Amino acid sequence: MRMLDHDEEKDDAAEVTWEDQQRINTFSKLNARIKLIEQKLEVFKQEKEALDDLSPELELADEDEPVLYKIGDTFIHMRQSRALKRLEQDQAKIDEQVQALSTQADECETKMKELKVLLYAKFGKAINLDE
């Protein structure tokens, strides 16, 4: 770290109003929310991959013997046809959740871009909103 030279100090720093502080707080909340959404999306993508890998295995299984199907943290014996239906339902459910989270992420990014424009217009280099 270094100290700023007297010439580099800005005496004309913009005053932070209550509205500006609210915008900064909102940006921070949106940034935290988008990171949480990204983490959830990663988990759902991994689950989706696991279900996609399971599909051909279930189709090749013997129809007469029950298969183990994971529901939550438990494995349950099911007929192959029922397990295939359950697999399709689970895949559809994950697709819906991924779509909903993607929509939320897009909304957050849009709001963050609007706030960036306002905040950078007022504070310039005095504020850093990028990671």
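The values are calculated or read from the model by the stated rules, or taken from the named source; none is laboratory data. Computed from a predicted structure; not experimentally measured. We place every Cβ from the backbone using ideal geometry, glycine too, and count neighbours over all the protein chains shown. Accessible surface areas use protein heavy atoms only, side chains included; no ligands, DNA or RNA. Shrake-Rupley method; radii C 1.70, N 1.55, O 1.52, S 1.80 Å.
Quick notes
- Difference of contour (0.36 nm per residue) and Cα-Cα distance, Glu57 to Ile71: 3.4 nm
- Only Cα pairs under 8 Å and 6+ residues apart enter the sum, and on that basis the relative contact order of the chain stands at 33 percent.
- Using a probe of 1.4 angstrom and keeping all protein chains present, the accessible surface of the stretch 18-118 works out to 73 square angstrom per residue.
- Per atom type, the chain shows carbon and sulfur on 50% of its accessible surface, probed at 1.4 Å.
- Scaling the Cα radius of gyration of the stretch 18-118 by the globular reference 2.2 N^0.38 Å produces a ratio of 1.58.
- The slack between Lys113 and Arg82, meaning 0.36 nm per residue of separation minus the straight C-alpha distance, is 6.5 nm.
- Estimated 222 nm signal from helices in the chain, with DSSP H stretches of n ≥ 4 weighted -39500 (n - 2.57), rounded to 500: -24500 deg cm²/dmol
- Potential lengthening of the chain between Leu41 and Lys122 amounts to 25.8 nm, from the contour at 0.36 nm per residue minus the alpha-carbon distance.
- Residue among Gln80, Tyr69, Trp18 farthest towards the positive dipole end of the stretch 18-118, charges placed on Cβ: Trp18
- Helix 18-60 and the longest principal axis of the C-alpha atoms of the chain enclose an angle of approximately 20°.
- Sequence of Lys70, Lys35 when ordered by accessible area, the most exposed leading, probe 1.4 angstrom: Lys70, Lys35
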